[in-house]
Amino acid sequence: MIGGARQPREYGPPPVPPSHQGCAIRSVRVQLPAQRGELRDRHEDGHHLHHLVWRLDPSLRVCSSAVLGGGIGPRAWILNAQVPGGYPRLDPDRHLAEIAAAEGLTGPGAGLMTAADVAAYTTGHDGGVTATVTTGLGVRGWAAAPESATHVPHRPGTVNIVVTLPTALSDAALVNAVATATEAKVQALLDAGLDCSGTPTDAVCVAAPEPGPDGGEPFAGPRSAWGARIARAVHTAVVAGARTAW
């Protein structure tokens, strides 16, 4: 939905049932450059896991394919949470909401999930654009796969991309920015020597300021000024992550 037309409960943290409360979260580990992001760690069911949190300025809105808070609209935070391999839960949106609640995050947010080592995140920077990527490639393949392959259960391997930029984008440009980031991801995977377009569960978030009366930048394709910066930043981060992950 555009501009927060949905009710907040659909993309913000729902009430956390008592049986799911108590994600043990420890101190901030590192401050990500130019993003106000934090690398955090927590303990769940005997696993030591990490997650990245962006506490966003109120003037920002996000376009994303996130399992929690996907779509276009104002978001107060972005969460990229690591889960164990062989992830058993069938309610990833609620799980992400539990982690967000334990972090004290309120309001609408976007939540991503991955089995990759979140502490091994990589970044790319270009002309004010920052891309932060977590790279899991154990379930990689090509997007246009035979129909039989689409029925295989998907484990949370996942290449998650979070892009922040300082310039407002129109609705169309925000969608274009997600496409540009995805194109750059595929190029980076090939440049890293991998024969794939990604994993079945890859996700992208792009955060940019709300547009003013001028409507924001109209284009974010790879040959526009801001799209080119997004592409280069994402390519840098994904190449670095892919070479480390595989």
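The values are calculated or read from the model by the stated rules, or taken from the named source; none is laboratory data. Keep in mind that this is a model prediction, so the values were computed, not measured. No Cβ is skipped: glycine too gets one built from the backbone with ideal geometry, and neighbour counts run over all protein chains shown. Side chains included, ligands, DNA and RNA excluded: accessible areas come from the protein's heavy atoms. Shrake-Rupley method; radii C 1.70, N 1.55, O 1.52, S 1.80 Å.
From the list 164, 182, pick out the single residue that is touching a strand residue (DSSP E or B) at 6+ places or on another chain (Cβ under 9 Å) and either surrounded by fewer than 24 Cβ atoms within 10 Å (Cβ to Cβ) or over 27 Å from residue 216 (Cα atoms) (or both).
Values: 164 fails: either surrounded by fewer than 24 Cβ atoms within 10 Å (Cβ to Cβ) or over 27 Å from residue 216 (Cα atoms) (or both).
Of 164, 182, the one residue that is touching a strand residue (DSSP E or B) at 6+ places or on another chain (Cβ under 9 Å) and either surrounded by fewer than 24 Cβ atoms within 10 Å (Cβ to Cβ) or over 27 Å from residue 216 (Cα atoms) (or both) is 182.
If residue 147 satisfies every condition in (1) modelled with pLDDT under 95; (2) open to solvent by 10 Å² or more (accessible area, probe 1.4 Å); (3) touching a Leu at 6+ places or on another chain (Cβ under 9 Å) but one, which is the exception?
Single failed check for residue 147: (3).
Going through 227, 138, 193 one at a time, which residue ends up being small (Gly, Ala, Ser) and in a helix (DSSP H, G or I)?
Values: 138 fails: in a helix (DSSP H, G or I); 193 fails: in a helix (DSSP H, G or I).
Residue meeting the stated conditions: 227.
Has region 183-202 got any residue that is touching a Gly at 6+ places or on another chain (Cβ under 9 Å), at pLDDT 95 or above, more than 23 Å from residue 115 (Cα to Cα) and among the basic types (Lys, Arg)?
no
Within region 227-245, is there a residue that is at pLDDT below 95 and charged (D, E, K, R)? Write out each step before concluding.
At the first step, the residues of region 227-245 found to be at pLDDT below 95 are 243-245.
Cutting the leftovers down to charged (D, E, K, R) gives us 243.
Yes, the conditions are met somewhere in region 227-245.
With respect to residue 236, determine if the residue is hydroxyl-bearing (Ser, Thr, Tyr) and under 15 Å from the mean Cα position of the chain (by Cα).
Values: hydroxyl-bearing (Ser, Thr, Tyr): yes; under 15 Å from the mean Cα position of the chain (by Cα): no.
Answer is no for this residue.
Looking only at region 43-75, filter to residues that are of a type in the set (Gly, Ala, Ser) and within 13 Å of residue 206 (Cα to Cα); which one of those is most open to solvent (accessible area, probe 1.4 Å)?
Filtering region 43-75 down to residues of a type in the set (Gly, Ala, Ser) leaves 46, 59, 64-66, 69-71, 73.
Retained after the next criterion (residues that are within 13 Å of residue 206 (Cα to Cα)): 64-66, 69-71, 73.
Numbers: 64: 14, 65: 69, 66: 11, 69: 5, 70: 19, 71: 24, 73: 0 Å².
Looking at residues that are of a type in the set (Gly, Ala, Ser) and within 13 Å of residue 206 (Cα to Cα), I get 65.
Which one is most open to solvent (accessible area, probe 1.4 Å) among residues in region 94-135 that are in a strand (DSSP E or B), closer than 18 Å to residue 238 by Cα and of a type in the set (A, V, I, L, M, F, W, C)? It would help to see each step written out before you state the result.
The initial filter retains those residues of region 94-135 that are in a strand (DSSP E or B), namely 109-114, 122-126, 129-135.
If we keep only those that are closer than 18 Å to residue 238 by Cα too, we end up with 112-114, 122-126, 129-135.
Adding the requirement that they be of a type in the set (A, V, I, L, M, F, W, C) leaves 112-113, 129, 131, 133.
On the way: 112: 3, 113: 25, 129: 1, 131: 0, 133: 1 Å².
Among residues in region 94-135 that are in a strand (DSSP E or B), closer than 18 Å to residue 238 by Cα and of a type in the set (A, V, I, L, M, F, W, C), the one most open to solvent (accessible area, probe 1.4 Å) is 113.
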